[in-house]
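Have a look at the structure below before the remarks.
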Amino acid sequence: MQIYAYRAERFYKHSFGLQMLGLVLGLLVWIAPVYAQEVLRIPYVADIGTFDPDNGFEVGGVSAINNVYEGLVEYEPGSTRIVGLLARNWEVSDDGLTYTFQLAEGVKFHDGMPFNAAAVIKSFERRRDRGLILSYFLANVKDMRAPDDSTVVLTLTHPQPSFLDALASPWGPKIISPQALAEHENGDFATTWLNEHAIGTGPFKLAEFKRGQRYVLERNDDYWGNKPFFRQIQISVVPDISQQILQLQAGAIDAVPIDYPFAQLTSLPRGLEITAAPSMIPYYLFVKPNSQLEDAEVRKAVLIAINPALWVKDAFGEFASLSRSVYPNVMLDPVNPIRFPTDFEAATGAIARHGAVNLTIGLYSAAPSYGRIADLMIAQLALIGVKATAYVLPAGAAYALKGDPNPPDLLLTIAGPDAAHPENQAKTFFSKNGSLNFFGRVMPEADAIVDQAGQMTDVKKRDALYERAGQMYFDAGIVIPLVDVNDVVVHAKGLKDLGLRPVNPPGNIDFATVRWGP
């Protein structure tokens, strides 16, 4: 600005200097914000492990991946409704085994190659057949055909009403350029190259990948769909939330996507605002087998004390609601919500009769919300004579609790599914072979009901069965649902249309929809 000030002074000394000065300064004022508005600056708390859409369960970075790659269908922003993406429309056969997709036309990959049915088959075969981490999404697909360039036919081994949800999932199968797969195959199905490179059909291209430092996405000006507002997305890696907050207040970044302290949300500095949306972020307690909570009287007393209605506002203010079942509230609306008993006097008497009750609570993460919930529950338990302590589990330890010789009595964790169908919740967290059945608890009667529900297409009847099974898991003391927390993003004023989706991990802004606006 010093050189512009000098030139402005020279202009002022001439006959039309004043008018010219106004024109120049006005132009500068107009150009600077317009340029700045073309770049969105977003921090991540953790690095991206891999950009390969088939071979990693990314959480914080899933939106970046899903703005470079696209699938056949997706969830609509703010909803669990499935809409077409690379598929214009689709049909399902009466027996529920055959899915026929009509593809969008005029689509090209970032390398200029045309998108067609053969490309879909190539990508789907890679995910299903190459032993990659996310292969399970297509495990039930026994046959794939491309009758012509714009039609894909998928045939399932058995009916799977949740199949479209699997395709719409943030981690569902995406379409990769077949030319890129062929050029970088290298005996490992291109996994090494795709860790840090990407060629999809999405509204953005991966322009820079500096692990542990930053990532840059550039707008795909040849995109077949609606053109994104931002020319560039700059993603920095800033693990410390306090540093993110300072950078946001200084104008160095445009948002703090996750973990902004809830206690500070009611007194944000000027120039900042909140976008909040319903999300599948339920905090649950999973109960280890053979703990003191096996005693029905003790378990009832503990439920009275930890009733989330007593502390949800203290922990999350207006940005959380009571969990109504063992499924996220936006996934299933139960006819008969789970209710906690409320007689504190009875709870105190029960613990006095039983004798000393000591509980340990393992926290999945050191994120502030976990500690806040634990502190509030510990205080409530003390009121009925239960001594409880909490500690943060080492990274990854929650997934090894089945073999842990000294696990906590309770695991406090977010139990969010990978898709919006209730099957994805029940069969992941509660069923016998669930990948996240943390303590390996088994209830065959409830599992059988889940299996029955999983074959139903009538949503009302289906949800009634899932609700019944969920109540059984709760009554058996396997899981205790607590609160569903909103997706909360703190950002500079004027940032609009963040495109938050309930199934996405929190803070995953959709770069294709977000914009500056009044």
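The values are calculated or read from the model by the stated rules, or taken from the named source; none is laboratory data. What you see is a predicted model; the values in this text were computed from it and never measured. For neighbour counting, all protein chains shown are included, and Cβ atoms are generated from backbone atoms with ideal geometry for every residue, glycine included. For accessibility, only protein heavy atoms count, side chains too; no ligands or nucleic acids. Shrake-Rupley method; radii C 1.70, N 1.55, O 1.52, S 1.80 Å.
Per-structure values
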read-out: Computed [θ] at 222 nm, deg cm²/dmol, the chain (DSSP H ≥ 4; -39,500 (n - 2.57); rounded to nearest 500); value: -9000 deg cm²/dmol
read-out: Cα centroid separation - segment 245-302 against segment 109-159, whole Å; value: 37
read-out: Unit charges on C-beta of K, R, D, E only; dipole of segment 443-483, Debye; value: 140
read-out: Of all accessible heavy-atom area on segment 115-186, the percent that carbon and sulfur account for (1.4 Å); value: 46
read-out: Whole-Å distance, taken between Cα centres, linking segment 198-241 and segment 322-341; value: 38
read-out: Karplus 3J(HN,Hα) series, Hz, for segment 428-445 with 6.51 cos²θ - 1.76 cosθ + 1.60 (x for Gly, Pro); value: 8, 9, 10, 5, 3, 9, x, 5, 10, 7, 4, 9, x, 5, 10, 9, x, 4
read-out: Helix 117-129 axis, angle to the chain major axis (alpha carbon atoms, nearest 10°); value: 40
read-out: Derived scalar couplings ³J(HN,Hα) [segment 167-184; Karplus, 6.51 cos²θ - 1.76 cosθ + 1.60; whole Hz; x for Gly, Pro]; value: 6, 7, 3, x, 9, x, x, 10, 9, 9, 4, x, 5, 5, 4, 5, 5, 10
read-out: In Hz, Karplus ³J(HN,Hα) per residue of segment 149-158 (6.51, -1.76, 1.60; θ = phi - 60°; x = Gly, Pro); value: 5, 10, 9, 10, 10, 10, 10, 8, 6, 9
read-out: Residue pairs, from the table LYS460/LYS493; LYS313/LYS432; LYS174/LYS461; LYS142/LYS205; LYS108/LYS210; LYS288/LYS313, whose Cα atoms sit over 30 Å apart; value: LYS460/LYS493; LYS313/LYS432; LYS174/LYS461; LYS142/LYS205
read-out: Heavy-atom surface of the chain, accessible at 1.4 Å and reported per residue (Å²); value: 45
read-out: Given charges at Cβ of Lys, Arg, Asp, Glu: segment 59-200 dipole, positive-most of GLY131, GLY106, VAL141; value: GLY131
read-out: Amide H contacts of ALA104 (H built 1.01 Å from N, under 5 Å, at least 5 apart or other chain); value: ALA87, ARG88
read-out: Environment charge at PHE439 (Cβ cut-off 13 Å; Lys +1, Arg +1, Asp -1, Glu -1); value: +1
